[in-house]
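Taking it in order: structure first as structure tokens, then the write-up.
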Amino acid sequence: MGVLVKVTDAILFVFFVIIALAAPLIDAQTCLPTSLIPDFLVELTSWYSREFGDYLVDERPHFYVGLLWLEFLFQWPLALINLYGILSAKSWFNTTCLIYGVSASTALAAILSEMIGSNKASDKLIMLHLPFLGFGVLATLRGLLPQSGKASPTVGKGPALARKKRA
């Protein structure tokens with residue numbers, strides 16, 4: 001089980017790094033005025049939109065903007081906290097990973113259902129988003145696993161209750 005948890009943590013670490021970079025540099029452009037964004041980042045997002053046919057980035061429907069605000073204000077800080085939690089083997093990592101995973105999975109379920117249901121999204125765009133849904137599910141499952149490095153639960157390791165001695 002310890003190897004599985006460590007491999008899962010390594011996969012999550014890579015995805016959390018991607019989120020830590022993409023959220024403020026790319027996704028925040030949907031929420032913030034273009035005047036606040038450097039030109040090279042605006043060009044990068046325009047290239048992405050053209051290359052993958054991401055109509056949500058171009059059209060900016062209200063639900064999508066709301067989900068990106070959720071990512072920018074809630075999920076991004078959690079991703080940074082989770083990076084620290086993985087590197088420092090913090091006991092609270094399971095909880096924050098579970099919270100992140102549920103939030104990310106829910107947001108991606110809404111985005112993917114729009115993409116698939118509208119028939120506007122290319123297969124390339126859907127295939128780009130599916131790994132992030134898998135990442136959300138993996139983060140949720142990781143939140144339910146024991147902390148890496150701990151072979152057994154800590155319940156029962158405290159001092160035993162004192163018993164009366166019989167004479």
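The values are calculated or read from the model by the stated rules, or taken from the named source; none is laboratory data. Since we're looking at a predicted model, the values are computed, not measured. Counting neighbours? That spans all protein chains shown, and the Cβs are built from the backbone with ideal geometry, glycine included. The accessibility values were calculated without ligands, DNA or RNA, using every heavy atom of the protein model including side chains. Shrake-Rupley method; radii C 1.70, N 1.55, O 1.52, S 1.80 Å.
State all residues of the stretch 36-54 that are open to solvent by 20 Å² or more (accessible area, probe 1.4 Å) and assigned to a helix (DSSP H, G or I); if no residue qualifies, say none.
Of everything in the stretch 36-54, those that are open to solvent by 20 Å² or more (accessible area, probe 1.4 Å) and assigned to a helix (DSSP H, G or I) turn out to be Leu36, Asp39, Phe40, Val42, Glu43, Leu44, Ser46, Trp47, Tyr48, Arg50, Glu51, Phe52.
Name the pairs whose Cβ atoms lie under 6 Å apart, with the first residue in the stretch 28-50 and within 29 Å of Asp123 (Cα to Cα), the second assigned to a helix (DSSP H, G or I) and hydroxyl-bearing (Ser, Thr, Tyr), and 6 or more positions between them or separate chains?
What qualifies is Gln29/Thr45.
Being of a type in the set (A, V, I, L, M) and not in a helix (DSSP H, G or I) is the filter here; which residues of the stretch 1-35 pass it? Show your work before the answer.
Restricting attention to the stretch 1-35, the residues satisfying the condition of being of a type in the set (A, V, I, L, M) are 1, 3-5, 7, 10-12, 14, 17-23, 25-26, 28, 32.
Answer for the stretch 1-35, where residues must be of a type in the set (A, V, I, L, M) and not in a helix (DSSP H, G or I): Met1, Leu32.
Of the residues in the stretch 74-124, how many are over 21 Å from Gln147 (Cα atoms) and in a loop (DSSP other than H, G, I, E, B)?
Final tally of qualifying residues: 4.
Hey, any hits in the stretch 60-73 for a residue that's out of contact with any Pro (no Cβ under 8 Å at 6 or more places or on another chain), assigned to a helix (DSSP H, G or I), among the charged types (D, E, K, R) and free of Cβ contacts under 8 Å to residues at least 12 places away in the same chain?
Filtering the stretch 60-73 down to residues out of contact with any Pro (no Cβ under 8 Å at 6 or more places or on another chain) leaves 60-71, 73.
Retained after the next criterion (residues that are assigned to a helix (DSSP H, G or I)): 62-71, 73.
Next, from what is left, pick out any that are among the charged types (D, E, K, R): 71.
Still in the list and also free of Cβ contacts under 8 Å to residues at least 12 places away in the same chain: none.
No, every residue in the stretch 60-73 fails to be out of contact with any Pro (no Cβ under 8 Å at 6 or more places or on another chain), assigned to a helix (DSSP H, G or I), among the charged types (D, E, K, R) and free of Cβ contacts under 8 Å to residues at least 12 places away in the same chain.
Could you please let me know if Ala139 is touching a residue at least 24 places away in the same chain (Cβ under 8 Å), assigned to a helix (DSSP H, G or I) and open to solvent by 20 Å² or more (accessible area, probe 1.4 Å)? Lay out the reasoning, then the answer.
Values: touching a residue at least 24 places away in the same chain (Cβ under 8 Å): yes; assigned to a helix (DSSP H, G or I): yes; open to solvent by 20 Å² or more (accessible area, probe 1.4 Å): no.
Considered against the rule, which asks whether it is touching a residue at least 24 places away in the same chain (Cβ under 8 Å), assigned to a helix (DSSP H, G or I) and open to solvent by 20 Å² or more (accessible area, probe 1.4 Å), Ala139 comes out as no.
Six or more apart or on different chains, Cβ under 6 Å: which pairs go from a residue in the stretch 106-121 that's open to solvent by less than 60 Å² (accessible area, probe 1.4 Å) to one that's small (Gly, Ala, Ser)? Could you list them?
Between residues of the stretch 106-121 that are open to solvent by less than 60 Å² (accessible area, probe 1.4 Å) and residues that are small (Gly, Ala, Ser), the close pairs are Leu108/Gly136; Met115/Ala121.
Take the stretch 1-35 and flag every residue that is of a type in the set (A, V, I, L, M, F, W, C), out of contact with any Phe, Trp or Tyr (no Cβ under 8 Å at 6 or more places or on another chain) and open to solvent by less than 40 Å² (accessible area, probe 1.4 Å).
Answer for the stretch 1-35, where residues must be of a type in the set (A, V, I, L, M, F, W, C), out of contact with any Phe, Trp or Tyr (no Cβ under 8 Å at 6 or more places or on another chain) and open to solvent by less than 40 Å² (accessible area, probe 1.4 Å): Val5, Phe16, Ala22.
Out of all the residues in the stretch 1-44, which are among the polar types (S, T, N, Q) and touching a Leu at 6+ places or on another chain (Cβ under 9 Å)? Even if it seems obvious, please write down each step before you answer.
First pass over the stretch 1-44, keeping only residues among the polar types (S, T, N, Q): 8, 29-30, 34-35.
Residues satisfying the conditions are Thr8, Gln29, Thr30.
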